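Structure, as structure tokens:
The values are calculated or read from the model by the stated rules, or taken from the named source; none is laboratory data. It should be emphasised that the depicted structure is a prediction, and the values quoted were computed from it without experimental measurement. A quick note on method: Cβ atoms are made from the backbone with ideal geometry, for glycine too, and the neighbour counts reach across all protein chains shown. Each accessible area value is taken on the protein alone, full model and side chains, heavy atoms only, with ligands, DNA and RNA left out. Shrake-Rupley method; radii C 1.70, N 1.55, O 1.52, S 1.80 Å.
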Amino acid sequence: MDKQHYSSMLKPYKQQHLVQFWDELSDEDRSALRAQIDSIDFQRLSELASKKSQQIDIVELAKRAVPPKAIRLNCGEEQTKAARASGEKAIRDGRVGMVLVAGGQGTRLGFDLPKGMFPIGPLSQRTLFQMHVDSLRGAMKKFQCEIPLFIMTSPATDQDTRDYFAQNNNLGLPAHLIYIFQQGVMPAVDAMSGKVLLESKSQIAVSPDGHGGIVEAMKKNGILTACQAKGIEHLFYAQVDNPLVTACDPLLIGHHLISESQMTTQVVKKRFAKEKVGNVVAIDGKTQIIEYSDLPDEAAERRNSDGSLALWAGNIAVHVISCAFLQNCSEDSNSLPFHIAHKTVPYVNESGDRVKPTQPNAFKFEKFVFDLLPKASVALVVEGDAAEVFAPVKNSDGAATDTPAFCRTSLSQRFKRWLAAANVETDESTIVEIHPLWAFDVEDVKSKFSSPLKINVDTYFA
Ligand code: UTP
């Protein structure tokens, strides 16, 4: 009876194959499959799959792209001081929370556990999760306040993440400040036929719905309501794979507040035209991001009269987002577009055999959080110094870029610059790590030393 019901329900979308193995399944498997089918909006999915060829004309769009209005690094002492003070006040007043996206699949890194559990501290081997939580604890200590942490996981990372926090005393954060919630998933469809792929006879092949899934997931899991109840007005958003992020960076938050921005994004100056970061641009007055793979060479290479890149701003996925704006966006589940990626997805074929394709065979659908930018009535772009704020862990060691080794070196070099600002000299080969409870920022480091010093052994200030 169930089989018939689902068969006729799926027929208009040509997806009846999903119940093809129904008679072979156990009761438990049937109810799991039922739940998966019930959670899919097949109408929307078929619209998405059929629109796949109607790509936006990026070449046309890029012609109109100009640099975004931005607060640059050289904006001046006065503006910087005012922003920092404003950000610090909002944090002290308990109006700021932190969101860490720790979902996805971490395929490129090839690490068996969630990326957040990857050891990265140059001397301490603290994990990515621990680095972020320590930075948050550093902010709480410095500003004498509590800051809730909202962590988004995916089906691939959820249970391990929960276990990790539970087994490690929440990494030192009081339990009432941690919220772990899971992002949604989207089915993968066969690129030729549009048919939803089966991962096994009883399971639909799904993948996380992208970091942009956070808007729906926050609503669904009551996170926005929790923020409201706690008086949280702004969320500092970071990705778990970048441990150079300063939790709730007061300067960035301050610029966001002073500009009355709905969404503020930190960018870095691109080092070269085709650098693999999203390009933050303005098109017809709206701030938006064109991915590096989509940006035509002509636009990427466009130069100012002094030879610098016209489209200079690279996305590093550090944002401040106002909760009221997020709430508005969450009212409409279609508010963010899906991006389509052509990927290799193993599946079970009509004969019930498992197929492992060697070439991309499927479309996956993902939302990106930065697509919120053009929706904001006021969006702000603030430049950060790449060496201070950005060294993501994407690939395993040996790759050309974004490796753990590069990230550890970047962390150590940043701490050495902080020491140098306090007249503490270090040898080139010396490795340094600073725990945020010892010093949250360069100013704290300066306050620790009263006379010049030279350090030539690896040192962990904790
Ligand atoms: P990436 O786009 O680098 O994806 O995510 P990933 O899953 O970590 O790694 P690959 O591409 O499979 O190798 C950037 C950040 O966004 C989060 C990740 O946890 C990472 O911090 N993310 C990504 C999500 O939370 N959900 C997603 O669906 C995708």
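Ranking Pro360, Ala439, Leu25 by Cα position along the charge dipole of the chain, where only Lys, Arg, Asp and Glu carry charges on their C-beta atoms, puts Ala439 farthest toward the positive end. The charge dipole of region 119-241, taken about its Cα centre with unit charges on the Cβ of Lys, Arg, Asp and Glu (plus for the first two, minus for the last two), comes to roughly 260 debye. Checking the table Lys141/Lys269; Lys270/Lys394; Lys81/Lys446; Lys286/Lys394 against a 22 Å threshold on Cα-Cα, which pairs fail? As for pairs spanning more than 22 Å Cα to Cα, those are Lys141/Lys269; Lys286/Lys394. Below 13 angstrom from the Cβ of Lys220, what's the summed charge of the other residues (Lys, Arg +1; Asp, Glu -1)? For residues surrounding Lys220, the net value is -2. Length gained on full extension, Thr358 to Gln4: 124.0 nm, using 0.36 nm per residue less the C-alpha separation. Computed on region 1-124, with alpha-carbon pairs under 8 angstrom and 6+ residues apart, the relative contact order is 11 percent. The alpha-carbon of Lys375 sits under 17 angstrom from the alpha-carbons of these aspartates and glutamates, leaving out residues fewer than 8 places away in its chain: Glu216, Glu260, Asp284, Glu331, Asp332.
Once the Cα gyration tensor of region 309-353 is diagonalised, what are the square roots of 5 times its eigenvalues, in whole Å and ordered largest first, as equivalent ellipsoid semi-axes?
Listed largest to smallest, the semi-axes of region 309-353 are 36, 22, 10 Å.
Here each label is just a point 7 Å from Cα along the line to Cβ, and for Ala387 and Ser293 those points are 3.2 nm apart. According to the Kirkwood relation over distinct C-alpha pairs, the hydrodynamic radius of region 78-210 is 17.2 Å. For a paramagnetic label modelled on Lys141 (point 7 Å from Cα along Cα→Cβ), amide N atoms under 15 Å away belong, within region 398-433, to 433.
Seen from all sides and averaged, what is the projected area of the convex hull of the Cα atoms in region 355-462, in nm²? Could you put the intermediate results ahead of the total?
On the way: hull surface 47.3 nm².
Computed as one quarter of the Cα hull surface, the answer is 11.8 nm².
The modelled label-to-label distance between Gln228 and His339, using points 7 Å beyond Cα along the C-beta direction, is 3.1 nm.
For Leu244, what is the net charge nearby, where nearby means another residue's Cβ is under 14 Å from its Cβ and Lys, Arg count +1, Asp, Glu -1? Each step should come with its number before you reach the end.
Details: positive: Arg126, Lys394, Arg408, Arg414, Lys416, Arg417; negative: Asp134, Asp241, Asp249, Asp385, Glu388, Asp402, Glu433, Asp441.
Overall, the nearby charge balance is -2.
Tell me whether region 166-240 comes out rounded, prolate or oblate; compute the Cα gyration tensor, take square roots of the eigenvalues as a ≥ b ≥ c, and use a/c under 1.5 as the rounded threshold.
Numbers: a/c = 3.08, a/b = 2.03, b/c = 1.52.
Taking the square roots of the gyration eigenvalues as a ≥ b ≥ c, region 166-240 is prolate.
The calculated FRET efficiency for Lys89 paired with Asn328, based on their beta-carbon distance and R0 = 22 Å, is about 0.30. What's the FRET efficiency of Gln125 with Arg417 using the Cβ-Cβ distance as r and R₀ = 30 Å, to the nearest 0.05? According to the calculation, E is roughly 0.85.
Give, in nm to one decimal, the length gained when the segment between Asn169 and Glu78 is fully stretched (0.36 nm per residue of separation minus the Cα-Cα distance).
On the way: separation 91, 0.36 × 91 = 32.76 nm, distance 4.16 nm.
Once the chain is fully extended between Asn169 and Glu78, it gains 28.6 nm.
What is the gain in length, in nm to one decimal, between Ile455 and Asn395 on full extension, counting 0.36 nm per residue of separation less the C-alpha to C-alpha distance? Walk me through the intermediate numbers first.
Numbers: separation 60, 0.36 × 60 = 21.60 nm, distance 3.19 nm.
Contour length minus the Cα-Cα distance gives 18.4 nm.
For region 1-117, the dipole from Cβ point charges (+1 on Lys and Arg, -1 on Asp and Glu) about the Cα centre works out to 840 debye, to the nearest 20.
Averaged per residue, region 362-462 has 45 square angstrom of accessible surface, using a 1.4 angstrom probe with ligands and nucleic acids left out.
Can you tally the net charge around Lys286? Count Lys and Arg as +1, Asp and Glu as -1, for every other residue whose Cβ sits under 12 Å from the Cβ of Lys286.
Details: positive: Arg64, Lys69, Lys375; negative: Asp284, Asp371.
Here the charged neighbours net out to +1.
Taken over region 260-300, the percentage of Cα pairs per 5 Å bin, counting from 0 up to the bin with the maximum distance, is 5, 20, 30, 25, 13, 5, 2. Estimated from the Cβ-Cβ distance and a Förster radius of 56 angstrom, the FRET efficiency linking Ala405 and Ile58 is about 0.95. Which shape class applies to region 202-325: rounded if a/c is under 1.5, otherwise prolate when a/b exceeds b/c and oblate if not, where a ≥ b ≥ c are the square roots of the Cα gyration tensor eigenvalues? Oblate, since a/c reaches 1.5 and b/c is not below a/b.
For region 178-239, averaging the sequence separation of C-alpha pairs within contact (under 8 Å, six or more residues apart) and dividing by the residue count gives a relative contact order of 30 percent.
For region 361-438, give the percent of accessible area contributed by carbon and sulfur heavy atoms, probe 1.4 Å, rounded to a whole number.
51
Under the shape rule built on the C-alpha gyration tensor, where the axes satisfy a ≥ b ≥ c, the chain is prolate, since a/c reaches at least 1.5 and a/b is greater than b/c.
With charges only on Cβ, +1 for K and R and -1 for D and E, what is the dipole size of the chain about its Cα centre, in debye, rounded to 20? Write out the running numbers ahead of the final one.
Working: 51 positive and 56 negative charges, 103 e Å.
Computed charge dipole of the chain: roughly 500 debye.
Averaged per residue, what accessible area in Å² does region 1-111 show with a 1.4 Å probe, protein chains only? All intermediate terms of the calculation are to be shown ahead of the outcome.
Numbers: 6870 Å² over 111 residues.
In whole numbers, region 1-111 has 62 Å² accessible per residue.
Amide hydrogen proximity for Ile204: with H placed 1.01 Å from N in the peptide plane, the residues at 5 or more positions away or on another chain lying under 5 Å are Glu199. Overall, the accessible surface of region 82-207 at a probe of 1.4 angstrom is composed of carbon and sulfur to the extent of 48 percent. In this label model, Ser308 and Thr430 are separated by 3.4 nm, measuring between points 7 Å along each Cα→Cβ vector. Scattering from region 377-417 was approximated by placing one identical point on each alpha carbon and applying the Debye formula without solvent; log10 I(q)/I(0) at 0.35 1/Å stands at -1.14. Using a cutoff of 8 angstrom between alpha carbon atoms and counting only pairs six or more residues apart, the relative contact order for the chain works out to 20 percent. Summarising the overall dimensions of region 1-140 from its C-alpha atoms, the Rg and Dmax are 25.4, 72 angstrom.
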